[in-house]
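What follows is a short report on a single structure.
The values are calculated or read from the model by the stated rules, or taken from the named source; none is laboratory data. Bear in mind that the values here come from a model prediction, so they are computed numbers and not experimental data. Glycine also receives a Cβ, built like all others from the backbone with ideal geometry; neighbour counts cover every protein chain displayed. In case anyone asks, the SASA skips ligands and DNA or RNA and just uses the protein heavy atoms, side chains included. Shrake-Rupley method; radii C 1.70, N 1.55, O 1.52, S 1.80 Å.
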Amino acid sequence: MDNFVVGLDIGTQYIKASALSLQDNTLMYGAAVESQGIDRNGITDVKALGSAIRKVVGKLEVKISRNIHAVFVCLQPETVGFLDAEGSVVLSGDLVTQSDIDKAMDAAQLVTLAPDEEIVDLLISRYLVDDTAYRDPSGVRGTRLEIRAQLVTAKRPLVESLYDAVAAAKLKVAGTGLGIEGASSILITPQDRKNGVFLVDAGANTTRIVLYKDNRIVDQDVIRLGGKSITRDLSIVLKISLLEAEELKKGYSKGEFTDDVEKAALVEEVIKARVEEIMAFVQRFVSRYEEDQEIRKVVVYGGGLCGFRHVNNLFKSTLNKSTNFVTSDIIRDDSLFNVPAGGLAYHIVNSVHYKSVVGEFVKDDEETQEMPSSDRQEQDDFLRKYQDTFRTSGNVHADDEDEDDEDEDIGVFEKIASWINTVKSKWRKR
């Protein structure tokens, strides 16, 4: 029996889910539905959001031919805080074991938080065994293991509302993680994370910017503009409805456009103006670090900008940095690779120190699949009343790199192209 880790990305325009096979981590399925019960100010209707989550998970269940009972939920960087943390443990034997790694992570989380905050993620920037750095410390001989990390915290009401919405969909939250951290695991290289890279998530209502440097998040910003801003611009300028403007935007993005040359020129002018404005804010953020010559890349993903096939023609960077747009072929196709949801699933499956959590997840999942229908009804009754006591054991953790790794001169497209092509080819065969 194949098992799947499922990532869930709850956006203001779409809710996306991705299932990654534990037997073959190039085999991924995706699904998407339009959002309900949530806007830029947060969750407005838990029941409606739960219904949308149930719908997208149902579509994913059909694709993988399995029932889904638990998901890992993405959190957005603007909703969390960061705390530096360290954890250490004296090794139980001569070699580092998974148990030692778990104990060091537990030690890093022994901090005092405000009463209304919870730990929702742990980003590990470095493992040290007797003061020597390793990407994977498992099996390394030594006497002491240390980790350097960032604790990611969120307000309890936000966490509880997400759990309630997932429970309304008759699902459990297996864990939470920073969506952009998951995206980083497939869009940028370990060397990029070390030298410095700007990762830009262009969404429907917001554009998020995160700077990775020395394997940690050192700065971030949120621009309250996105793909819907372009839709509203087209609606106002052309005096059409938002629905018509959205369809017009999608047609332009796919190169399927009207023969009316004058109208086509106007649409392109409107879109280009807003794209340039959004990217001007990104450039303003990037320019804060202009003197740091090690930071050489800006990587942009997300349908707000990268839904346009030829976004490079709409924006010309004035930065002395490589600016890469991870574009999609089309907008709104539920078979497309969903970067935050898929990245979170990929991150969980491939994290060195996440093995024990994935093992427990698989065990619980298989027991639930075999559960008698009467017990499932009892579980459904429980989920209706479910109010979470947040479990730190389900947190998502980041991966690390060797201090002595050779420079990786692999571009972002070279890194992900073969992986995504493999995913797509396998999807077409099934």
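State whether the residues of segment 182-203 include one that is under 21 Å from T44 (Cα atoms) and open to solvent by 10 Å² or more (accessible area, probe 1.4 Å).
yes
For residues that are over 25 Å from V275 (Cβ atoms), crowded, with 23+ Cβ neighbours inside 10 Å and hydrophobic (A, V, I, L, M, F, W, C), tally how many sit in segment 172-181.
Qualifying residue count, segment 172-181: 2.
Please specify each residue of segment 222-250 satisfying the condition of being hydroxyl-bearing (S, T, Y) and in contact with a Phe, Trp or Tyr (Cβ under 6 Å, 6 or more places away or on another chain).
Residues satisfying the conditions do not exist here.
Name the pairs: first residue in segment 348-361 and hydroxyl-bearing (S, T, Y), second residue open to solvent by 40 Å² or more (accessible area, probe 1.4 Å) and part of a loop (DSSP other than H, G, I, E, B), Cβ to Cβ under 9 Å, at least 6 apart or on different chains?
Cβ pairs passing all conditions: S351/D399; Y354/D399.
With the condition kept exactly as written, say whether any residue in segment 282-297 is of a type in the set (A, V, I, L, M, F, W, C) and open to solvent by 30 Å² or more (accessible area, probe 1.4 Å).
Residues of segment 282-297 that are of a type in the set (A, V, I, L, M, F, W, C), as a first pass: 282, 285-286, 295.
Now restrict to residues that are open to solvent by 30 Å² or more (accessible area, probe 1.4 Å): none.
There is no residue in segment 282-297 that is of a type in the set (A, V, I, L, M, F, W, C) and open to solvent by 30 Å² or more (accessible area, probe 1.4 Å).
Looking only at residues in segment 330-368 that are touching a Lys or Arg at 6+ places or on another chain (Cβ under 9 Å) and open to solvent by 40 Å² or more (accessible area, probe 1.4 Å), which one is modelled with the lowest pLDDT?
Within segment 330-368, the match that is modelled with the lowest pLDDT is I330.
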